[in-house]
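Right, one structure below, let's go through it.
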Amino acid sequence: MLDENLARIRAHRNNIHRYRSLLKTRLSDIERQFIERRLSEESAALETLTSQTFPIALTMPPRPDLSATTGAVP
């Protein structure tokens, strides 16, 4: 199951990269709209799949305010 999800994540990332590359080329308005829509769909699918595959989000603890610890005035 994890291998399948990782393969899907890789496919979505490859598609996103391809669509971003295409947007840098000369396109008609219709082609650009289509690619932008596909890029949005791929990004949403990647986000969903990533959150399902890796449900635990690791966050960094907040950094202390350096101005408070060094005595600097903000």
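The values are calculated or read from the model by the stated rules, or taken from the named source; none is laboratory data. It should be emphasised that the depicted structure is a prediction, and the values quoted were computed from it without experimental measurement. Note that each Cβ is placed from the backbone with ideal geometry, even for glycine, and that neighbours are counted across all protein chains shown. Quick note on the areas: whole protein, heavy atoms, side chains included, nothing else; ligands and nucleic acids left out. Shrake-Rupley method; radii C 1.70, N 1.55, O 1.52, S 1.80 Å.
For segment 1-32, name all the residues that are open to solvent by 100 Å² or more (accessible area, probe 1.4 Å) and either touching a residue at least 60 places away in the same chain (Cβ under 8 Å) or farther than 19 Å from residue 48 by Cβ (or both). 18, 20, 24, 26, 29, 30 - these are the residues of segment 1-32 that are open to solvent by 100 Å² or more (accessible area, probe 1.4 Å) and either touching a residue at least 60 places away in the same chain (Cβ under 8 Å) or farther than 19 Å from residue 48 by Cβ (or both).
Residue pairs whose Cβ atoms lie under 6 Å apart, separated by 6 or more positions or on different chains, with the first residue in segment 37-52 and within 11 Å of residue 12 (Cα to Cα) and in a helix (DSSP H, G or I) and the second basic (Lys, Arg) and open to solvent by 70 Å² or more (accessible area, probe 1.4 Å), are 49/8.
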